[in-house]
Each structure stands twice: as C-alpha cells, then as structure tokens.
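Below is one structure, written out as structure tokens; comments come after it.
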Amino acid sequence: MKPVIGITPNYVHETGLFSLHRDYAAAIETAGGIPVLLFPSAEPETKPNALPDFLDGILLSGGGDIDPLLFGEEPLRQNGEITPLRDSFELTLCRAALESGLPMFGICRGMQVMNIAAGGTIFQDIPTQTGSTLKHSQQAPRPHATHSVTPEENSLLAALWGKKNVAVNSFHHQAVARLGNGFSAAAHSTDGVIEAIERQNAAFALGVQWHPEAMKTQDQALLFSAFVRAAGR
Ligand code: MN
C-alpha cells in the first residue's frame, strides 16, 4: 500500500475557491505516495477538524501570510493578506498531527504554520524586522535557484543532502523567528534567516522555506522521498 498524503490547499475568501499547484501532487506521486486534498470542515464550530484516520502524512503547502494575532503579535503594516479559514484549519490539523506523531512536511507558509502550531513565532517582514538585505522575494522563474542555504551539521537535511551548500528558490518575506517546541533550525541562508526546521527524536517533521516542488531537482526530490518513506512506516 502506498502512503496517503493529505495536502492543504490555498483558499480565497472572496471567491470561495480552493486551489493547489499540480507540482505538489506530482512531487508526492513521484516519491511513491498518493496525494489527496484536505478541506476545512463546512461546520467548523460544531465539527472541529480531527485528523482523518486514512492519512499517513500531511503536506502543508505554500501561501499567504498568517494572522499575527495567532502567535501573539499585533500586525505590522508590512504583513500581507490573511485567510482566517485557512489559518484555523491548518493550525488545528498541524497541532493534531504533532500530538499524534503523524509525519509532516511544510513548504514555505507550511513551515511557518508548523512552527506556530508548536508555539513558535515568525517575523512578519524580514527586511523590517531583521535588517537583512538578502533578496528572499525572487524575481526569476519559479524553478530557478537564487540564493544558497547551509544545512546545520547533524541535521536530517544535512544527512539527506550530504552537501554544505545548496542553492534554492525563494518566495517569502516572512521567516521563522522563535522556534516552536521541539523544533530546531535545519538550515540558514547567509543573512542568518532560518530556511529549514525539523523535529529531532520525533516523527518526521521537516519544514523548508523554499519551494522544492517547483525546483524539480535531485536534491529536492530527496526531501519528498524521505517524507513519503517516513509516512509509509
Ligand atoms: Mn529565502
């Protein structure tokens, strides 16, 4: 049996439309998993989202900004559009998965959701709050790598890659600030921004700030196969 991986889609409240780039599903399929879409309950008040029992892992996809009130901060002017339905759905799902030890992989916003679900915080705007001048909102084709990241020694990421530096794409103006409980930084960019997080001595939980599903390289495929392998155990 192939592991079933639930993926959270994006949501636009003006139109009521959910969406997910095909690259996420393709990456899971290529890694040997079965991708399925996850939706928030239509009656969130009466039916809080429990983890569906057919899932072997969850993939938290990329998207817009998270409501800063959810990590105990007032919104900065630079904070972008927020999607309350997606925020509450993903945080509930992620907390349940952290508790039950369900393998999870977070991409971009997904990594930030994981960190906040575990009690951490994020920078609402990297340039404003860290003073970094590194370009994290790239103006280049989506698969193209524009800045490098260095995996931490002894991290899962370093073990998977076996490299000191890997160039990645970058489409974010926010980043992990205070790490969530049980998480450690797994990679940094040259400006000190945390580009990946992972939970050690626990079920597979990896978050990356870049978009591996869009890069379609061997290095990035290793991340999906490690995740799907963990989900299959
Ligand atoms: Mn970046």
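Please treat every number below as a calculation from the coordinates, not as lab data. None of the values given here were measured: they were computed from a predicted structure. All Cβ positions, glycine included, derive from the backbone under ideal geometry; neighbour counts span all protein chains shown.
Couple of notes before you dig in:
- Debye, to nearest 20: dipole size of the chain, +1 on Lys, Arg Cβ, -1 on Asp, Glu Cβ: 640
- Tensor-based shape of the stretch 117-175 (alpha-carbon gyration tensor, a/c under 1.5 rounded, otherwise prolate or oblate): oblate
- Local net charge near Gly119, Cβ-Cβ under 12 Å (Lys/Arg +1, Asp/Glu -1): +2
- The lysine pair tally for the chain, using Cα distances under 22 Å and a gap of 8 or more places or different chains, is 5.
- When only alpha carbons are used to place a centre, the stretch 1-78 and the stretch 102-130 end up 14 Å from one another.
- Of the beta bridges in the chain, as assigned by DSSP with both residues counted there, near 55 percent are antiparallel.
- The packing ranking of peptides 140-153, 170-183, 72-85, 54-67, highest mean first, is 54-67, 170-183, 140-153, 72-85, where packing means the average number of other beta carbon atoms within 10 angstrom of each residue.
- Extension gain for Glu73-Asn10 works out to 20.4 nm (0.36 nm per residue, less the C-alpha to C-alpha distance).
- Per-pair calculated FRET efficiency, R0 = 41 Å: Asp219 and Leu85 via Cβ, rounded to 0.05: 0.75
- Using every pair of separate Cα atoms, the Kirkwood estimate puts the hydrodynamic radius of the chain at 17.6 angstrom.
- Difference of contour (0.36 nm per residue) and Cα-Cα distance, Ala159 to Leu134: 6.4 nm
- Difference of contour (0.36 nm per residue) and Cα-Cα distance, Asp53 to His21: 9.0 nm
- Unit charges on C-beta of K, R, D, E only; dipole of the stretch 1-70, Debye: 240
- Note on the stretch 194-233: dipole from Cβ charges, positive end direction compared against Val208, Ser225, Ala196; the farthest Cα belongs to Ser225.
- Considering helices alone, the calculated mean residue ellipticity of the chain at 222 nm is -8000 deg cm²/dmol, with DSSP H runs of length four and up weighted by -39500 (n - 2.57) and normalised per residue.
- Estimated dipole of the stretch 6-131 in Debye, rounded to 20 [Cβ of Lys and Arg +1, of Asp and Glu -1, Cα centre]: 180
- Cα gyration tensor shape for the stretch 51-164, rounded if a/c is under 1.5, else prolate or oblate: oblate
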